[in-house]
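Bear in mind that the values in this text are calculations on the coordinates, not laboratory data. Keep in mind that what you see is a predicted model, and the values were worked out from it rather than measured. Here the Cβ positions follow ideal geometry from the backbone for every residue, glycine too, while neighbour counts run over all protein chains shown.
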Amino acid sequence: MDADLMMDQPKGLTAASGIDALTHALEAYASMMATDYTDGLALRAVRMIFEYLPRAYEYGAADPKAREKMADASTIAGMAFANAFLGVCHSMAHKLGAFHHLPHGIANALLISEVIRYNAAEAPVKMGTFPQYDHPHTLERYAEIADSLGLNGRNNEEKLESLIRAIEELKEKVGIKKSIRDYGITEEDFLGSLDEMAEQAFDDQCTGTNPRYPLISEIKQMYLKAYYGSEQNAAGHASEKAEEPKTIPA
């Protein structure tokens, strides 16, 4: 890794690529193909990114150590996901970026908290397909990440909330907006692409190793929550759509 090549990287690219690297590590750790070999890499990358991404974003070339550590963290996270693979956050980000021209790292940043909350369910509608992953334990995995970061929580549920809160605070530090809508994507355009995005995300190669195997309807709901920035608005929209009368062909 030659961090000299990254010293003058602009803030927007620093934020997007930094959160993308974080998402690589988070998804690798939760993946159904995670192993002892990839776990250590993923945890180390997460800790490095939380420590050095705000510095790299704020000071750029004036903080060469932060630039070097972020280059290393990105590579370490890449080693983790090259072997453990990713999950549905990347599946959804691929389509969100393609349909609405958002940078890939920004797309991941806008979706990762919703995906973490979704994956942490102890009784998913549908489980994954790999035999070595025989029961849901993703909540415990996220709690382990929280422990690695020194986050507070009396139980796994509280640690999950601490982790999500820490991720949201990190995103705010590096200038990432709260919702998909905040990036100027109109409701009409987003809803017009929603069905196709959700179907293509379901078919994405990263979905197969997600610890909770998603239904297309669940992917749509995560997209809606990420678009509106709140579960209430997304749930309200979904309810309104469900009540729309269907046109019966003659």
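Could you list S91, S162 so that the one with the fewest beta carbons within 10 Å of its beta carbon is first and the one with the most is last?
S162, S91
Want the number for L13 to E51: 0.36 nm per residue separation, take away the alpha-carbon distance, what's left? Could the numbers behind the result be given before it?
Details: separation 38, 0.36 × 38 = 13.68 nm, distance 1.77 nm.
Taking L13 through E51 to full extension adds about 11.9 nm, to one decimal.
Segment 27-97: which GluC sites (Glu not before Pro) are DSSP loop and have at most 12 other beta-carbon atoms within 10 angstrom?
none
Lysine pairs, Cα distance under 13 Å, 8 or more residues apart or cross-chain: how many in segment 3-231?
Numbers: K11/K171; K11/K173; K95/K220; K178/K225.
Taking segment 3-231 as the scope, the lysine pair count is 4.
Quick one: among E188, E168, E144, which has the greatest mean-square fluctuation in a GNM of the chain with alpha-carbon springs under 10 angstrom?
Among E188, E168, E144, the largest mean-square fluctuation in the Gaussian network model of the chain belongs to E188.
Considering the dipole of segment 3-231 built from charges on the beta carbon (Lys and Arg +1, Asp and Glu -1) around the Cα centre, which of F81, S217, P124 is farthest to its positive end?
Checking the options against the dipole of segment 3-231, the answer is F81.
How much FRET efficiency would the formula 1/(1 + (r/R0)^6) give for D2 and R117, where r is the Cβ-Cβ distance and R0 is 35 Å, rounded to 0.05?
0.40
Would you look at the GNM of the chain, springs on alpha carbons closer than 10 Å, and say which of P211, P54, P124 moves the most?
Highest fluctuation of the listed residues: P124.
Report the charge-dipole magnitude of the chain in Debye, nearest 20, computed about the Cα centre from +1 at each Lys and Arg Cβ and -1 at each Asp and Glu Cβ.
Result for the chain is approximately 300 debye, rounded to the nearest 20.
How much FRET efficiency would the formula 1/(1 + (r/R0)^6) give for D189 and A62, where r is the Cβ-Cβ distance and R0 is 41 Å, rounded to 0.05?
Between D189 and A62 the formula returns 0.55.
Taking the chain as a Gaussian network, Cα atoms linked when under 10 Å apart, which of H100, H90, H24 shows the biggest mean-square fluctuation?
The residue with the greatest mean-square fluctuation here is H100.
Check every DSSP H run in the chain and write down those whose alpha carbon atoms cover 20 angstrom or more along the long axis and whose mean Kyte-Doolittle hydropathy is -1.0 or greater.
Once both thresholds are applied, what remains is 11-30, 36-59, 64-84, 104-119, 187-203.
Give the order of D204, D195 when sorted by the count of other beta carbons within 10 angstrom, beginning with the fewest.
D195, D204
Which residues make up the longest stretch of the chain that has no trypsin sites (Lys or Arg not before Pro) in a DSSP loop with at most 10 other Cβ atoms within 10 Å?
Segment 1-125 is the longest.
By counting other Cβ atoms within 10 Å of each Cβ, how are D182, D147, D36 ranked from fewest to most?
D36, D182, D147
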